[in-house]
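Enquirer: Below is the structure I would like to discuss, written out as structure tokens.
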Amino acid sequence: MDLEKFDMKPWRIGIAILIVLAIVGIVAFALTWRSEIPAVAEDAQPDVERTLASKGYALAQLGNCASCHTAKDGKPYAGGLAMPTPFGTIYSTNITSDRDTGIGTWSEEAFARAMRKGIDREGGHLYPAFPYNHFTKASDDDIHALYTFLRSVPAVRNDVSSNDLTFPFNIRPLIAGWNFLFLDTDQLEPVSDQSEQWNRGRYLVEGLTHCGACHTPRNIMGAEKSSEKYQGAMIDNWYAPPLSGDAARNWQADQLDNYLATGFNQDHGAAAGPMAETAVNLSQAPPSDVEAIAVYIASLNDGKGQRLTPIDNQDIDVSASAHDLWVGSCAKCHESTAEVGPSKALPLSFSGAVRQSSPANAVRTIVNGIDAYRDMGGAYMPGFADILSNDEVAELAQYIRRRYSNEAEWSELEDVISTARSSAKGKE
Ligand code: HEC
Ligand code: HEC
Ligand code: HEC
């Protein structure tokens, strides 16, 4: 969230938000009051149909459900992952079929209401850290399949910590105000002059795969700005680059398909950080759906798909120490003469991270490495957190910036490096 733009102190923003949300919240809460949906009796749940459950599994992969609903080293879907937000920490819930700590007592009606309106079985409002503003676009059939799949997930007893949010954000009914202002529950109408594949891609991207949750910048109330859809945003101290307009022109549909389905593309490199998780999930989704997503995303730029011009300013004047660090730690992978080495490192001549105005992704990649694809035999880069000092990371970052881009040196590297280091620790 870019507070600077508003030239306001954070506490004033807090009060402004409080007032707006309180007024809208009271009105909206009164208008949208939702009652509790009765618990389903244990023996009243119908048997799980296997084919439907496997369709639901594929949809859950498309929707990253397990990524958010699984804590580090926790059981799948049992919740408890801490999600830091500007307003405090939110914990994902247990969505296994456990009757006490999960959603085992939820009827399909209750589940559908949560997905569409962000309201839990008891009638309480859920925080939009749960991307129901996208899931609301899912069809009845898809919600039915997801519900069936979740009921097939073994029940895990896991009492999740309650959220730790600052006042006034800890008052759930205020979310009614947020929903009133920002939640659009209309279903998408197919666009008739576009292909079926494009429409399928749009349905998934706007809905279950919630690409905009990371790639669209948010306003001060944490809602995606509809006027800046897919124009790039910071997420968990990573930069999710623009997926539309000129900045994304160098992505063709086939490259996108390859990058999304495998986490790697020869012309662009590997997906790292939160995007790696998305790509790993998409690798388990139906290939035809990933292709449809690629076709739709490619249509968000002018569709001409220009190739990036490689940049390699080999004769830059750099300190001997920066050059030594590069040769000692990086060159053996990134300058290998093999077209694509065993760990699939590319020359940084094509690197998007090196050209971006924010050093976040380059620094995070150097500090944290890329290890999401180990089980898939994909791209791997070791993290250098324990090997390089902050000064060395900074020196290397400026080295690759000067050598592989024509942009100005990065500023504020110190902050970005220490953030990357502490985020890396948080994941251990
Ligand atoms: C970006 C993270 C994220 C993703 C992706 C996500 N969820 Fe959640 N979900 C949450 C959080 C956080 C909550 C709890 C919100 C709160 O406390 O108000 C939640 C709550 C829920 C709830 C309400 C449960 C309860 O006990 O109140 C359901 C149901 C749910 N999610 C289902 C899903 C499904 C199905 C998917 C995939 C299609 C999914 N979620 C994907 C973060 C996520
Ligand atoms: C959880 C957050 C998150 C979600 C959800 C997400 N992305 Fe990303 N995405 C990122 C981040 C962060 C990066 C930068 C990672 C990197 O450069 O390695 C990225 C990078 C990308 C890139 C490379 C862009 C470039 O210019 O280098 C593409 C393409 C992309 N995402 C497409 C998608 C699509 C399509 C979806 C939905 C199916 C999606 N993303 C969902 C966070 C996300
Ligand atoms: C064991 C091989 C290996 C080593 C050593 C290595 N890398 Fe990487 N690096 C990779 C792989 C694989 C990728 C992902 C594919 C790609 O983008 O080239 C990657 C990606 C990157 C990226 C992201 C490119 C982008 O645009 O997303 C940067 C920046 C980077 N490396 C910098 C470095 C630096 C600086 C060093 C030395 C400190 C280094 N790497 C050492 C293998 C390596």
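The values are calculated or read from the model by the stated rules, or taken from the named source; none is laboratory data. Please read these numbers as outputs of a predicted model, since none were measured by experiment. Every residue, glycine as well, gets a Cβ built from its backbone with ideal geometry; the counts of neighbours run over all protein chains shown. In case anyone asks, the SASA skips ligands and DNA or RNA and just uses the protein heavy atoms, side chains included. Shrake-Rupley method; radii C 1.70, N 1.55, O 1.52, S 1.80 Å.
Enquirer: By average Cβ neighbour count within 10 Å, what is the ranking of 362-369, 221-228 from highest down? Walk me through the intermediate numbers first.
Expert: Values: 362-369: 24.0, 221-228: 15.2.
Descending mean neighbour count gives 362-369, 221-228.
Enquirer: Moving to a separate point now. Show ARG50, ARG99 ordered by accessible area, largest first, where the area counts protein heavy atoms only and the probe is 1.4 Å.
Expert: Numbers: ARG50 170, ARG99 75 Å².
Ranking ARG50, ARG99 by accessible area, largest first, yields ARG50, ARG99.
Enquirer: Can you work out ³J(HN,Hα) from phi for every residue in the stretch 370-378, in order, using Karplus 6.51 cos²θ - 1.76 cosθ + 1.60 and θ = phi - 60°, giving whole Hz and x for Gly and Pro?
Expert: 10, 10, 6, 9, 3, 5, 9, x, x
Enquirer: Given axes a ≥ b ≥ c from the Cα gyration tensor, I'd like to know whether the stretch 271-408 is rounded (a/c under 1.5), prolate (a/b larger than b/c) or oblate.
Expert: On the way: a/c = 2.06, a/b = 1.50, b/c = 1.38.
Because a/c hits 1.5 or more and a/b exceeds b/c, the stretch 271-408 counts as prolate.
Enquirer: Moving on to the next point. Where the only charges are on Cβ atoms (+1 Lys, Arg; -1 Asp, Glu), what is the dipole of the chain about its Cα centre, to the nearest 20 debye?
Expert: Values: 36 positive and 55 negative charges, 105 e Å.
About 500 debye.
Enquirer: Next question. If you take every DSSP beta bridge fully contained in the chain, what fraction is antiparallel? Give it as a percent rounded to 5.
Expert: Numbers: 14 of 15 bridges.
Given both bridge residues lie in the chain, the antiparallel proportion sits at roughly 95 percent.
Enquirer: Near the amide H of ILE171, under 5 Å away, which other amide H atoms are found, from residues 5 or more places off or on another chain, if H is placed in the peptide plane?
Expert: It is none; the list stays empty.
Enquirer: Where is the GNM fluctuation largest for the chain (alpha-carbon springs, 10 angstrom cutoff): THR216, THR85, THR136?
Expert: Its mean-square fluctuation being the largest, the pick is THR85.
Enquirer: Also, I was wondering about something else. What is the percent carbon and sulfur in the accessible area of the stretch 196-298, measuring with a 1.4 Å probe over the protein chains and ignoring ligands? Walk me through the intermediate numbers first.
Expert: Working: 1960 of 3950 Å².
Carbon and sulfur atoms account for 50 percent of the accessible area of the stretch 196-298.
Enquirer: So, one more: Against the globular-protein guess of 2.2 N^0.38 Å, express the Cα radius of gyration of the stretch 4-182 as a ratio, rounded to two decimals. Kindly include the intermediate steps, with their values, before the conclusion.
Expert: Details: Rg = 17.3 Å, N = 179, 2.2 N^0.38 = 15.8 Å.
Taking N as the residue count of the stretch 4-182, the ratio is 1.09.
Enquirer: Enumerate the calculated ³J(HN,Hα) couplings along the stretch 188-194 in order (Karplus 6.51 cos²θ - 1.76 cosθ + 1.60, θ = phi - 60°), each rounded to whole Hz, writing x wherever the residue is Gly or Pro.
Expert: 6, 8, x, 8, 6, 8, 10
Enquirer: Any chance you could run the full-extension gain for ASP246 through GLU335? It's 0.36 nm times the residue separation minus the Cα-Cα distance, nm to one decimal.
Expert: On the way: separation 89, 0.36 × 89 = 32.04 nm, distance 2.90 nm.
Full extension from ASP246 to GLU335 adds 29.1 nm.
Enquirer: A further question follows. Got a sec? Charge dipole of the chain, +1 on Cβ for Lys and Arg, -1 for Asp and Glu; which of THR278, PHE169, THR101 is way out at the positive end?
Expert: Comparing the listed Cα positions along the dipole, PHE169 ranks first.
Enquirer: To the nearest 0.05, how large is the calculated FRET efficiency for ASP236 and GLU36 if R₀ is 35 Å and r is the Cβ-Cβ distance? Walk me through the numbers before you get to the answer.
Expert: Values: r = 34 Å, r/R0 = 0.97.
Efficiency, from the Cβ-Cβ distance: 0.55.
Enquirer: Can you pull the Rg over Rh of the chain, Cα-only, Kirkwood? Spell out each step's value before the answer.
Expert: Numbers: Rg = 22.7 Å, Rh = 23.2 Å.
Result: Rg/Rh = 0.98.
Enquirer: Compute the FRET efficiency between SER349 and ASP254 as 1/(1 + (r/R0)^6), taking r as their Cβ-Cβ distance and R0 = 25 Å, and round to the nearest 0.05.
Expert: Numbers: r = 21 Å, r/R0 = 0.83.
That gives a FRET efficiency of 0.75.
Enquirer: Right, here's the next one. Which residues' amide hydrogens lie under 5 Å from the amide hydrogen of ASN301, considering only partners 5 or more residues apart or on another chain, with H built in the peptide plane?
Expert: For ASN301, whose amide H was placed from the backbone, the distant partners under 5 Å are GLY245.
Enquirer: Then there's this: Could you give the length gained by full extension between ASP324 and GLU189, i.e. 0.36 nm per residue of separation minus their alpha carbon distance, to one decimal place?
Expert: On the way: separation 135, 0.36 × 135 = 48.60 nm, distance 5.74 nm.
Extending this stretch completely gives an extra 42.9 nm.
Enquirer: Can you return the aspartates and glutamates within cross-link range of LYS117? Criterion is Cα-Cα under 12 Å, with same-chain partners fewer than 8 residues away left out.
Expert: GLU109, ASP184, ASP186
Enquirer: Sticking with this structure for a sec: The stretch 274-332 to the stretch 371-428: how many Å between their Cα centroids?
Expert: Centre-to-centre (Cα) distance: 15 Å.
Enquirer: Which of LYS55/LYS229; LYS229/LYS344; LYS55/LYS225; LYS55/LYS137; LYS137/LYS229; LYS75/LYS225 have a Cα-Cα distance over 24 Å? Don't jump to the answer; show the numbers that get you there.
Expert: On the way: LYS55/LYS229 29 Å; LYS229/LYS344 32 Å; LYS55/LYS225 32 Å; LYS55/LYS137 17 Å; LYS137/LYS229 16 Å; LYS75/LYS225 34 Å.
Over 24 Å apart, Cα to Cα: LYS55/LYS229; LYS229/LYS344; LYS55/LYS225; LYS75/LYS225.
Enquirer: Full-extension gain between GLU412 and GLU196, please, as 0.36 nm times their residue separation minus the C-alpha to C-alpha distance. Can you show the working numbers first?
Expert: Working: separation 216, 0.36 × 216 = 77.76 nm, distance 4.62 nm.
Result: 73.1 nm gained on full extension.
Enquirer: Set the Förster radius R0 to 35 Å, insert the Cβ-Cβ distance between SER389 and THR166 as r into 1/(1 + (r/R0)^6), and round the FRET efficiency to 0.05. Don't skip to the end; give the middle numbers.
Expert: Working: r = 35 Å, r/R0 = 0.99.
Result of the calculation: an efficiency of 0.50.
Enquirer: While we're on this one: What list of ³J(HN,Hα) couplings, whole Hz, do you get for the stretch 101-118 from phi and the Karplus terms 6.51, -1.76, 1.60, once you set θ to phi - 60° and write x for glycine and proline?
Expert: So the Karplus estimates, Gly and Pro as x, are 10, x, 10, x, 9, 7, 7, 4, 4, 5, 5, 4, 5, 5, 5, 8, 10, x Hz.
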